[in-house]
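What follows is one structure encoded as structure tokens, with my remarks underneath.
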Amino acid sequence: MIPTLKWTEQGVDFLDQTRLPFEETYLLATSYQQVADVITTMVVRGAPAIGVSAAMGVALGVKHSQATSLEALTPEFEEICRVLAATRPTAVNLFWAIDRMRKLYQELAAKPGASVAGIREALIAEALKMYDEDIATCRTMGANGAELLPKQGGVLTHCNAGALATCGYGTALGVIRAAVENGAEIRVYADETRPFLQGARLTAWELLHDKIPTTVICDNMAASMMRRGKIHAVVVGADRIAANGDVANKIGTYGVAVLAKEHGIPFYVAAPWSTIDMETATGEAIPIEERPAVEVTHHGGKQLTPHDADIENPAFDVTPAEYVTAIITERGVLKAPYPEALAALDDVKVGV
Ligand code: MRU
């Protein structure tokens, strides 16, 4: 399995996804600030991977703290959390992971006899547990969703919701992997995913690695591929799912969902429960990250647009719940009406 990120004695080691597919290099983050930087610059990306990276960033920050008392450590801990939380606003897994680390910190700090050393060890153990849980969750999601895909045919995906976007196996690509493991003969159509090209660079790379037949298409080819009968299902990941089932995912996902509906093709979203945000009522309230204009104006260091062109670069869009055929999670496959379906499973803890 492709190691997206790894906790080491020296720091957190990240597969540098900005250099894929041609260079497989690792970047070692030795401070929590570096982890934050690695998340912002998308060396690591994908909502579940961002969450676990942030948890490891918190653990790393506390590990390197010079504080000798909890009184000194607590404000430092909050600063570490603040810096990591300021990296990518749409992926709710980031906040979920930081909150989980904070809850553990507060619980341990409130105990009589709590020590800096004890908290340090516990936070590292928690981040490692989240890493293992993420892989197990992806596998369960894969098993839950595999039967929804055709036994034979084309499956379109947008962006990269694979092993590279998680600690391993993937969400949308995990469902595809599980279907292929069950004998399905699937050809994946990978949208290139302008402007950062996660589909062309990352999805194609990791599926080729697993020998799963893959065809890269430009984003503007999806409609025609559907009309020509090449696509039998769509499966994508998510950065945040609101309580009513609206889905924030990579910019362009909404267009794919509309096209799928027009062509009568099922549109599935695969995401772990840590991507579900029951505190956010609808997609309208999901913050959408605006990324630097240079990602649109330039490619491979070469300028594509006139100097004075106005640019917008929203990294995500929202697909209204009505376009979603099912949401595949580790707790089960959810169908509309989503407010009820999500609420029903919200306090169910499935062991992974
Ligand atoms: O900007 P990115 O590359 O972090 O966006 C990633 C996506 O949009 C993924 O589809 C989403 O995070 C789910 S990853 C399992």
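The values are calculated or read from the model by the stated rules, or taken from the named source; none is laboratory data. Predicted model, so just to flag it, every value in this text is computed and none were measured. A quick note on method: Cβ atoms are made from the backbone with ideal geometry, for glycine too, and the neighbour counts reach across all protein chains shown. For the accessible areas, the whole protein counts, side chains as well, though only heavy atoms, and no ligand, DNA or RNA atoms are used. Shrake-Rupley method; radii C 1.70, N 1.55, O 1.52, S 1.80 Å.
Of interest is the spacing of the C-alpha centroids, which for region 1-47 and region 60-133 amounts to 20 Å. Within the chain, DSSP assigns beta bridges of which about 50% are antiparallel (rounded to the nearest 5).
Can you give the accessible area per residue of the chain, in Å², using a 1.4 Å probe?
On the way: 14650 Å² over 352 residues.
For the chain, the per-residue accessible area is 42 Å².
Against the main long axis of the alpha-carbon atoms of the chain, helix 172-181 sits at an angle near 70°. Look at the alpha carbon pairs under 8 Å that are at least 6 residues apart: their mean separation over the length of region 164-312 gives a relative contact order of 20 percent.
If you run the Gaussian network model on the chain, springs between alpha carbon atoms under 10 Å, then out of Thr319, Thr90, Thr74 the most flexible one is Thr74.
The residues neighbouring Leu123, those whose beta-carbon lies less than 13 Å from its own, together hold a net charge of +2 under the Lys/Arg +1, Asp/Glu -1 convention. For the chain, taking Cα atoms only, Rg and Dmax work out to 20.0, 68 Å respectively. Val62 sits among other residues whose Cβ lies under 12 Å from its own Cβ, and their net charge, with Lys and Arg +1 and Asp and Glu -1, is -2.
Of the listed pairs Lys129/Lys335; Lys129/Lys211; Lys63/Lys111; Lys63/Lys129; Lys6/Lys211, which have alpha-carbon separations greater than 22 Å here? Show your work: numbers first, answer last.
Numbers: Lys129/Lys335 30 Å; Lys129/Lys211 30 Å; Lys63/Lys111 20 Å; Lys63/Lys129 17 Å; Lys6/Lys211 24 Å.
From the list (Lys129/Lys335; Lys129/Lys211; Lys63/Lys111; Lys63/Lys129; Lys6/Lys211), the Cα-Cα distance tops 22 Å for Lys129/Lys335; Lys129/Lys211; Lys6/Lys211.
Scoring 110-122, 34-46 by mean Cβ neighbours within 10 Å over their residues and listing the highest first yields 34-46, 110-122. Computed on the chain, with alpha-carbon pairs under 8 angstrom and 6+ residues apart, the relative contact order is 16 percent. Within the accessible surface of the chain, defined with a 1.4 Å probe on protein heavy atoms only, the carbon and sulfur portion equals 54 percent.
Could you compute the net charge surrounding Tyr26? Neighbours are other residues with a C-beta less than 11 Å from the C-beta of Tyr26; K and R count +1, D and E count -1. In short, -2.
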